[in-house]
Every structure is written in structure tokens, then in C-alpha cells.
Amino acid sequence: MDVAAKPVAADPRPPEFRLPTTAHPVRYQVDVTVDPTSDDFTGTITSELEFTSASSVLWLNATEITVESAVLTVGADHLTARVVAVPKNFVGLAFPHDVSGHASLAIKYRGKAHADDGDGIYRAKERDEWYAFTQFENTSARQAFPCFDEPSYKVPWQITIHTKKDLVAVSNMQSTGETDEPNGMKAVHFAETPALPSYLVAFAVGPFELVDAGKTAGGTPIRIVVPHGRSADATYPAQATKPLLELLEKYFGIPYPFAKLDIVAVSVFNAGAMENAGLITFRQSIILVKPGELTLGRQQTYATVAAHEMAHMWFGDYVTMSWWDDTWLNESFASWMESKIVEQWKPEWKLDVDAVETRSGIMGQDSLDAARSIRQPVKSDDDISNSFDGITYEKGEAVLNMVEHSIGADAFQKGVRAYLAKHARGNATYSDFVGAMTETVGKDLHPLFDSFVLQSGVPSISFELSCAKGAPPSVKLEQHRYKPIGSKIDPNRTWNVPVCMKWGVGQTSGTDCTTLTEVKAEVALTAKSCPDWLVPDDAGIGYYRSIPRGDLLERLIQPHKAVTLNDRVGLIGDVTAAVGSGEVQNGVALQLVQMLSKDNDRHIVDQSIAIVAGIVEMVPDNLRANYERFINKLYRTRARELGWQSKPADSEDVKQLRPELLSLVAGEAKDPDLIKQASALAWKWVDDHKAITPEMAGVVLHVAARFGDQKLFDRLHTDAKKTQDREERGRLLGALSSFVDPALVKQALAIVLTDEFELRESAGLLQGGLQDPKTRPIALAFAREHFDEVTGKLPAPYRAYMAYMFVAVCDEDKKAEIAATFTERINKFDGGPRIMAQAMEALSLCAAARKAQTPGVVAFLKKQ
Ligand SMILES: [Zn+2]
């Protein structure tokens with residue numbers, strides 16, 4: 001029986017941010033009708049509910065949803081609900097009287113499936129055919145169905161998709177069958193999921209092809225879901241997914257927690273990939289590689305992203321954070337696991353070295369006053385967006401790596417397993433994890449985790465070797481917060497930080513570890529006599545910057561077989577950071593470069609190139625020739641020997657070094673022969689993409705464009721408009737952003753305002769003009785004039801990040817005007833206030849560092 005709603009005197013007030021706890025869902029049943037060619041979709045969601053307190057109003061999350069009818073069944077009563085208000089994020093349903101206990105709510109509704117916005121249910125065109133995808137994290141499930149869209153509401157979902165007969169529909173679970181429906185339609189039924197939060201529900205509909213990728217030892221079937229006609233491009237994921245998934249199962253000691261695994265190539269994606277339970281979606285460029293174009297870089301990208309997303313099947317999907325303040329329980333852990341698993345699978349890739357570099361990189365972001373801590377209260381949508389920053393992913397990974405080494409890998413693994421077992425299919429918090437770890441290890445780990453997870457910033461530890469006669473050698477340690485030149489942060493902050501030092505005396509070497517808990521400490525070394533050298537952060541695993549005191553810097557540089565590649569990469573990062581805080585002079589780093597550039601390992605040469613390329617804007621015009629001479633002296637012979645093309649006999653290291661080296665010598669030292677060759681090759685490439693080996697296409701086009709003319713610009717532009725291939729278009733648009741001729745920079749910027757390309761693909765053109773000081777005013781003027789127009793066309797998650805483009809301005813005198821023009825506008829975007837604050841702080845720090853370091857660079861270059 002239907003009971004008509006009585007008018008209510010005043011509408012109840014909507015929630016401000018979180019849903020009230022009046023009721024919670026027990027399970028959902030969803031029916032959605034999706035036609036990928038249409039902007040509209042319809043659906044019915046039936047929610048089994050439990051009212052924990054009597055209420056005549058129920059609030060759900062909903063965005064761009066029109067409720068057509070809502071009927072609540074309580075026992076034998078059917079109550080028709082009235083929609084009371086539709087503020088952003090919510091829909092309120094009022095019932096004729098209070099309800100309590102168990103109930104079932106059936107809502108019929110309509111929603112919007114926008115083309116290309118990458119949010120909720122959305123559509124994308126691929127070679128003239130339409131596909132529909134979903135992306136619900138963080139809070140877009142509410143665009144697909146009115147629901148309790150918070151991660152702690154974890155319940156089973158039974159999904160049915162109605163669509164055209166000739167299309168394929170996939171979802172979290174396996175299909176249990178299809179039934180015919182009138183008008184050329186069908187219903188695809190899926191098995192009920194285990195308990196899932198709304199943000200992990202997903203489906204995709206379109207003329208897909210399904211590529212069989214085998215079955216794991218445990219019996220999980222894996223498929224690669226690709227657009228029509230692209231099966232041949234999915235060969236690599238079809239081979240690599242299974243061994244990675246099996247290694248994860250082995251680490252966790254818990255079988256893969258879902259019935260099957262589909263890996264979906266998505267045409268338009270705001271993120272790189274998404275860990276929907278049993279249906280992982282990836283930006284298609286990560287999955288699809290044309291035969292003959294599979295470089296090592298492409299293999300590594302797929303393997304690491306896939307390992308990350310599959311690790312989420314446990315970290316996030318099996319055990320879910322209770323609230324977004326614990327996003328780190330998902331992202332830090334998946335990032336840490338991705339390196340670990342790929343390293344186990346392919347040790348020859350040396351991804352542990354990359355982890356040292358990543359750690360060094362994120363310490364830069366963590367040095368800002370406006371840096372987040374890994375775990376931070378989440379009280380607004382902005383806070384949710386911010387919780388997915390580099391601090392959560394990369395600092396989180398580095399901190400877990402450090403703790404794992406400090407307590408031992410086996411103990412850490414036991415702790416992880418205990419944590420997952422205790423919260424299986426449920427939710428968990430920071431305390432749950434640290435508690436389980438502490439219990440398993442038998443040692444209170446709160447001080448260590450609190451120190452790095454609840455507090456921002458990077459410890460800077462000075463090391464002074466002391467070798468007094470008659471006493472064992474020792475090292476004096478002193479910690480404070482790392483403070484970049486020009487920063488206003490208070491350096492008085494301490495951590496509970498595990499420190500491991502490696503030392504060598506003659507042919508022997510050893511390691512001594514301690515946990516620094518106070519500002520100062522002195523550690524006796526187990527060395528029998530004064531060490532010849534000392535590495536202050538063994539293997540680059542500690543999350544701290546080391547500052548060598550006394551003659552330690554000279555001692556560090558002594559080659560010794562016990563000093564590993566990771567040690568050296570860590571040290572170079574620390575020396576560069578010490579230049580950034582003014583504790584080591586820039587000339588010292590540049591002296592170091594001369595030695596590093598001759599190294600046999602490409603990681604070390606890469607680091608030296610980064611230091612040299614990093615000073616380019618400090619080089620005054622009158623010393624430009626000296627700068628080029630310095631580069632040529634160190635790198636030109638090797639660059640010319642290697643040339644622009646990979647050769648079959650090249651090692652992978654050579655293949656990876658070549659683009660960095662050639663880009664520096666041709667791009668910065670302007671080697672005329674190399675530029676001429678790049679230009680000729682680019683012209684060959686536009687007619688035949690096989691003219692350049694796949695590793696080199698990007699850098700050849702970049703250099704050719706940097707020194708290129710109108711004719712090349714027009715050709716690349718025409719080809720970009722013509723091609724239907726997203727990857728090729730990306731490459732062409734990348735090249736268009738590399739031109740530095742002011743007239744061409746203006747033309748490149750103008751493209752952004754046209755409808756020739758979807759803005760997500762062409763947004764890089766905005767950055768192009770900012771990279772060169774001569775064209776920077778043009779790019780800034782363009783940003784000022786067209787900011788609202790451009791950001792209006794960008795998908796929401798991208799908008800605030802426009803703030804980072806101002807960092808390249810690196811001029812304190814321009815900051816006030818930029819802040820006045822853009823702050824208010826950027827603050828309105830998701831995550832905007834913090835991102836803008838970080839960008840403005842980074843701009844100031846860049847300017848201060850440049851001012852402080854330029855004299856050292858000038859003095860050094862005068863001698864070159
Ligand atoms: Zn992730």
C-alpha cells in the first residue's frame with residue numbers, strides 16, 4: 001500500500017559534510033540502464049537498511065541525480081517518500097512518520113553520463129565507437145546511484161546492467177547470465193560482491209574484446225578487457241599480470257579475495273589506474289602497446305602500476321580505511337608493495353634504486369611549510385582531495401620501507417598479515433594497523449609511526465666522525481627539521497628515527513644502527529680503528545637528509561666495493577639537498593658532477609645530468625658559452641658516440657641513458673650536429689613512425705621542436721588533428737609544447753582554446769611556454785587572460801593543479817601579482833587552498849634558492 005507523503009512544515013537541514021548515523025545500509029541491489037551513446041542513464045537502487053534511531057528523514061549522498069520515486073518498505077507498510085531538498089552531495093527523503101529497525105528502500109532515478117569527464121558514469125569515444133566507464137573514488141559513486149557514499153559503509157552489492165545486445169558489460173563480479181529484453185536490449189546479471197564500500201564498485205560497457213590472461217595457481221581467471229580491434233596490443237599485460245598476482249598472494253598468505261580479475265583499458269581517465277575490486281581500470285596507454293613498440297620503460301610502467309593496483313585488492317578492498325584520514329592505509333601500502341613485488345619478480349630492473357630516488361624527490365615536497373602529514377584530519381571535500389598527494393603515496397612508501405628495514409622484513413610481514421586477518425572484509429584505522437604491528441613484533445611501534453605519519457617534514461641529521469686516541473671511533477648525530485634556503489619553517493622538530501651507518505676500514509666494512517630519539521646522540525662504531533669512509537644512510541633507506549660534517553664529505557667519495565649503487569644515489573640526493581639548505585656550496589656539487597659524469601652506472605650519470613640541467617636558469621648570458629663548454633667537456637663525446645637511435649646490441653642501461661644524455665647535449669649545449677640529425681629524423685618520423693626506435697621518439701621530437709620552425713609546427717599540428725590514435729596524438733601534442741620560438745608558443749597556446757582536442761590531452765601546451773624564460777611572459781599573460789575559460793573546460797580533479805605551473809616563474813617580485821590574480825579562483829577548486837599555498841611557497845623557495853646559489857654557479861662557470 002502506498003501512503004502519500006504529508007506536507008512537512010519546514011524542510012530538515014541537510015548534513016554539512018558527513019552523513020548522519022541515523023541509518024546504515026545492509027546490502028544494495030542496483031539495476032542500471034546504460035547506452036554508451038547517450039548522455040542520460042536510468043537506474044533503480046534497492047537498499048536494505050537498518051535505522052539505528054527512529055527518524056522520519058533519511059539523507060543519502062547524490063549528485064546530479066533526479067529521484068523519480070522513492071518507496072520505503074517497513075514490514076507490511078509501503079511509505080512513499082518526499083524529496084525534501086537537493087543540496088550539493090545530498091538528497092533528503094522525508095517519510096510520513098518516524099521509522100526504525102529494518103527497512104527496504106527502492107529508488108527510481110535518472111542521472112547524467114557526461115562524455116569524457118572521467119567521473120561517475122562517463123562515456124568516451126574510441127575510433128568512432130562509444131564506451132561507458134565508471135570512476136567512483138573519491139566521492140563519485142553518488143553520481144551513479146543515491147547511496148551511503150562513505151568508505152565505512154561496506155556491504156554486498158548485486159548489480160544488473162541493461163544495455164544493447166551487441167555490447168559487452170563487465171563489473172566487479174563474474175556474470176551469472178544474460179536475459180533478452182525488448183528493443184534490442186539485454187540484461188547482464190552479476191553475482192553479488194563481498195562487502196564493498198561504494199567507491200570500489202565499478203562497471204564498463206562497450207564493444208570490448210576480452211583477452212584471456214590465464215588462471216593463477218589458486219584458480220583466479222584473469223582477462224584483459226580492451227577496445228574493439230586492440231587485442232593484439234594487450235600481449236604484455238596478458239603475460240605479466242598472473243605472476244605478479246601470484247607473488248602478492250604469497251606475500252599476504254591470503255588468497256586473492258575476489259572471484260575473478262579483469263584488467264580494463266580505459267580510453268579517458270583522470271588518474272592512472274583504479275583498484276575497483278575485481279575490475280581494475282587503467283589509462284589505456286599503460287596497457288596497450290603496439291607490437292614492436294614494447295620498450296623496457298613500457299614494461300616497467302605496466303608492471304609497477306599493475307602491482308600497485310593488485311596490492312590494493314588487499315590494502316583497501318579486503319581491508320578498507322574507515323575514513324579518508326587513513327587514505328595512507330591504501331596508498332602508502334600499495335606503493336610500498338608495488339616496488340617490493342616487482343623487485344621480487346624482476347630483480348634485474350633494480351627498482352630499489354628508483355625507490356631511493358623517489359624518496360629523495362618527495363622529501364622536496366615534504367620540506368614545505370604547507371606540506372601535509374601522511375595522516376591528517378579530513379573535514380572537507382578539499383581535505384579528501386589533498387589526502388591523495390605525493391606525501392601519502394611516496395613519503396608513505398619510504399616510511400614503510402624504513403620501518404620494515406628497522407624491525408626486519410619477516411617481522412613486518414607477520415604484522416601485515418595479522419592486521420589483514422584481524423580486519424578481514426572490514427574497515428580499519430591508523431591505530432588498528434600500528435596496534436597489530438606492535439602486538440606482533442612485541443615492541444611499541446607507536447613512537448616511530450607517530451613521528452613520521454602524524455608529523456610533516458624531513459629530519460636533517462648531521463654526522464660528525466670522531467676518532468679520539470684511545471677511544472673507539474664514534475659518530476656524533478644531531479637532528480633538526482630540514483629547512484630549505486628562504487623557508488620560514490621552525491627547524492626545531494625531532495623524530496624517532498632509525499639510523500643505519502655503513503663504514504669501511506681498509507678491506508673490512510660494517511654497519512651500525514641506532515634509533516635517534518633526542519636532538520643529539522653519540523654512537524660508538526664497531527670499527528676497530530678510524531673508518532676511511534662512512535655512509536650516513538645505509539642503502540638510502542632512512543627517511544632523513546644527512547649532512548656530513550668535518551672532512552666526512554671527502555671521505556664519502558672514496559670508492560669501495562662495499563659502497564653500493566643505492567648508497568651512492570642516496571648520497572648524491574643528500575648533497576643536492578644540502579646545497580638546497582645552504583649547508584654545502586653549489587660549487588661542491590658541480591665539482592662532484594665531473595666525477596659522476598664518468599661513472600659506469602647510468603643512474604649516477606643521470607643524477608649528474610639532473611644537477612647540470614638544474615642550474616640552467618642561474619647561468620647569466622655572458623657565461624652561457626662556459627656552461628655549454630662544461631656540458632660538452634663532460635658529455636658530448638659519449639652523446640655523439642651513442643647517437644639518436646637505439647642499437648640492437650645496446651644494454652638496457654644504455655637504452656635508458658641515451659635520451660637523458662642526448663637531451664642535455666643537444667638541448668642545453670645546443671650541439672649543432674645533433675640538432676640537425678634530430679630535425680632530419682623528426683621529418684622522417686612524421687612519414688614513417690618506424691624511422692625512430694621507440695625509446696627515442698619522444699626526445700627526438702622534443703629537440704627537433706625546440707629548434708624547429710613553422711613548417712614543422714604545422715605538420716605536427718595537422719597530424720595531431722588527423723590521428724585517431726591517442727598515443728600518437730599524445731606524442732604529437734608533447735612535441736608541440738616543446739617549441740620555444742615566441743610566435744609558435746603563441747600558436748601552441750591558442751590551440752588550447754579550440755575544440756580540436758580534449759583539454760586533458762592538450763593541457764601540456766599550457767606548460768610549454770613557461771619552461772623557457774624568454775617565452776614565460778607570453779605564457780603567463782595567456783594564463784591571466786584565459787584562466788577561467790581553460791579551467792572551465794578541464795575535469796574537476798585537474799583544476800587546482802594549474803597552480804603548480806606558477807612555480808616555474810621562480811621570481812619573488814612576480815609572486816604578489818600572481819597570488820592576487822589567481823588565489824581566490826584556485827581556492828574554489830577541489831583541494832585548491834592547500835595546493836595554491838604549496839605552489840606559492842614553492843615559488844618563493846625557488847626564487848630564494850636561485851638568488852643564494854647563483855654566485856656559486858657563476859664562480860664555478862668562470863673557471864670552465
Ligand atoms: Zn593506489
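None of the figures in this text is laboratory data; all of them are computed from the coordinates on show. Worth saying up front: this structure is predicted, and the values here are computed from it rather than measured. Here Cβ is always computed from backbone atoms with ideal geometry, including for glycine, and neighbour counts include all displayed protein chains.
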Using Cα centres only, tell me the gap between the stretch 792-822 and the stretch 163-195 in whole Å. 45
Count charges around Glu695 for me, please; just the other residues with Cβ under 15 Å from its Cβ, Lys/Arg as +1, Asp/Glu as -1. +1
What aspartates and glutamates sit close enough to Lys422 to cross-link, taking a C-alpha to C-alpha distance under 14 Å and skipping anything fewer than 8 places away on the same chain? Asp432, Glu439
Between the alpha-carbon centers of the stretch 675-713 and the stretch 31-108, tell me the distance in whole angstrom. 57
Calculated FRET efficiency for the pair Thr66/Ala232, C-beta based, R₀ 41 Å, to 0.05: 0.45
In this structure, the FRET efficiency calculated for Glu464 and Lys670 from their beta-carbon separation, with R0 = 51 Å, to the nearest 0.05, is 0.70
Based on the mean of other Cβ atoms within 10 Å per residue, sort peptides 292-304, 572-584, 385-397, 689-701 so the most packed one is first. 385-397, 572-584, 689-701, 292-304
Mean shadow area of the stretch 387-439 over all directions, Cα convex hull, nm²: 3.9
Share of antiparallel DSSP beta bridges in the stretch 1-132, in percent to the nearest 5? 95
Number of Lys-Lys pairs in the stretch 788-864 under 24 Å by Cα, sequence gap 8 or more or different chains? 7
Free-standing Cys residues across the chain, given no other cysteine C-beta under 4.7 angstrom: Cys147
So what's the back-of-envelope 222 nm ellipticity for the chain, counting only DSSP H runs of four-plus at -39500 (n - 2.57) apiece and dividing by all residues, rounded to 500? -12000 deg cm²/dmol
With a ≥ b ≥ c the root eigenvalues of the C-alpha gyration tensor of the stretch 112-177, is it rounded (a/c under 1.5), prolate (a/b larger than b/c) or oblate? oblate
Calculate, in nm to one decimal, what Arg549 and Val505 gain on full extension: separation in residues at 0.36 nm each, minus their alpha carbon distance. 13.9 nm
What does the charge add up to near Ser104, with Lys and Arg as +1, Asp and Glu as -1, over the other residues with Cβ less than 13 Å from its Cβ? -2
Taking a ≥ b ≥ c as the square roots of the Cα gyration tensor eigenvalues, with a/c under 1.5 meaning rounded and otherwise prolate when a/b beats b/c or oblate if not, the stretch 242-367 comes out rounded
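For the stretch 231-286, what relative contact order do you get, as a whole percent, if you take Cα pairs closer than 8 Å and at least 6 residues apart?
The value is 26 percent.
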Applying the gyration tensor rule to the Cα atoms of the stretch 644-736 (axes a ≥ b ≥ c; rounded if a/c under 1.5, else prolate if a/b exceeds b/c, else oblate), the class is oblate
Report the semi-axes of the equivalent ellipsoid for the stretch 107-222 in whole Å, largest first, where each axis is √(5λ) for an eigenvalue λ of the Cα gyration tensor. 21, 20, 16
Where a Cα-Cα gap under 23 Å defines reach, which lysines qualify for Lys215, not counting those fewer than 8 residues away within the same chain? Lys242, Lys250, Lys260, Lys340, Lys346
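Run the numbers for Gln239 and Ala421: contour at 0.36 nm per residue of separation, minus the present Cα-Cα distance, in nm. Show your work: numbers first, answer last.
Values: separation 182, 0.36 × 182 = 65.52 nm, distance 3.01 nm.
The span from Gln239 to Ala421 would gain 62.5 nm if fully extended.
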Under 20 Å from a label point 7 Å along Cα→Cβ of Lys108: give me every residue in the stretch 68-82 with its amide N that close. 68-74, 77-82
Listed peptides 262-268, 676-682 by packing density, highest first (mean Cβ within 10 Å): 262-268, 676-682
What nm value, rounded to one decimal, do you get for the distance between Ala115 and Thr718 when each label is placed 7 Å out toward the C-beta? 2.6
Antiparallel DSSP beta bridges within the chain, as percent of all bridges there, nearest 5: 80
With a cut-off of 13 Å, note down the residues of the stretch 499-528 whose backbone N falls inside the zone around a label point 7 Å from the Cα of Ala562 toward its beta carbon. 501-513, 525-528
At 7 Å along the Cα-to-beta-carbon direction for both Thr179 and Ala271, put a label point, then send me their distance in nm to one decimal. 3.4
Burial-style ranking of 754-763, 339-348, average other-beta-carbon count within 10 Å with highest first, yields 339-348, 754-763
For the stretch 505-559, what are Rg and Dmax over the alpha carbons, in angstrom? 11.8, 34
In the stretch 519-570, which trypsin sites (Lys or Arg not before Pro) fall in coil by DSSP and have 10 or fewer other Cβ atoms within 10 Å? Lys561
What's the FRET efficiency of His97 with Ser431 using the Cβ-Cβ distance as r and R₀ = 45 Å, to the nearest 0.05? 0.65
Under 20 Å from the Cα of Lys469 - lysines, other chains or at least 8 residues apart: Lys528
I'd like the distance separating the alpha-carbon centroids of the stretch 331-373 and the stretch 291-314, in whole Å. 15
Work through the residues other than Leu445 whose Cβ is under 12 Å from its Cβ and net out their charges, Lys, Arg +1 and Asp, Glu -1. -3
Separation between the Lys814 and Phe17 pseudo-spin-labels, each 7 Å from Cα along Cα→Cβ, expressed in nm? 3.5
Kirkwood Rh over Cα pairs of the chain into Stokes-Einstein at 37 °C, 0.692 mPa s: D in µm²/s? 112
